[in-house]
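Peer 1: Got a structure for you, written out below as structure tokens; questions coming shortly.
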């Protein structure tokens, strides 16, 4: 049985995991923006990643997981920005 404490602990883990993933996107976003080059980023990877991130948000909504919804939205925004940079500087 899930207690309130266990749910809070699980959500905390979700927030920390999401934060680490979001941070991992920053160096690539910054480099792509500064150099105006995304030649080494696969467009297929970008599309699959973006689709997967959107599905994580939907899943988070379905199970009412605030960590998935909030962090997923942040990460999806970063994925979308990287995808836009890929299309612009490809």
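Taken together, the values in this text are just the output of simple stated rules run on the coordinates, not laboratory data. Just so it is clear, the model here is predicted, and its values are computed rather than measured. All Cβ positions, even for glycine, are placed from backbone atoms using ideal geometry, and neighbour counts span all protein chains on display.
Peer 1: Taking neighbour Cβ counts within 10 Å as the exposure measure, how do 55, 82, 62 sort from fewest upward? Don't skip to the end; give the middle numbers.
Peer 2: On the way: 55 12, 82 21, 62 9.
With the sparsest Cβ surroundings first, the list reads 62, 55, 82.
Peer 1: What angle do you read, to the nearest 10 degrees and between 0 and 90, between the alpha-carbon axis of helix 66-89 and the longest principal axis of the chain?
Peer 2: Approximately 10 degrees, to the nearest ten.
Peer 1: By counting other Cβ atoms within 10 Å of each Cβ, how are 86, 31 ranked from fewest to most?
Peer 2: On the way: 86 18, 31 13.
With the sparsest Cβ surroundings first, the list reads 31, 86.
Peer 1: Among 87, 19, which comes first, then next, by fewest other beta-carbon atoms within 10 Å? Before the final figure, lay out each step's value.
Peer 2: On the way: 87 11, 19 14.
The fewest-first ordering by Cβ neighbours comes to 87, 19.
Peer 1: For the chain, compute Rg over Rh where Rg is the Cα radius of gyration and Rh is the Kirkwood radius from the inverse mean 1/r over Cα pairs. Please list the in-between numbers first.
Peer 2: On the way: Rg = 15.2 Å, Rh = 14.0 Å.
Here Rg/Rh amounts to 1.08.
Peer 1: Please determine, in degrees from 0 to 90 and to the nearest 10, the orientation of helix 43-62 with respect to the longest principal axis defined by the Cα atoms of the chain, where the helix direction is its Cα long axis.
Peer 2: It is inclined by approximately 20 degrees.
Peer 1: Another question, then. Mind pulling the angle between the C-alpha long axis of helix 4-35 and the longest principal axis of the chain? Nearest 10 degrees, somewhere in 0 to 90.
Peer 2: Approximately 10 degrees, to the nearest ten.
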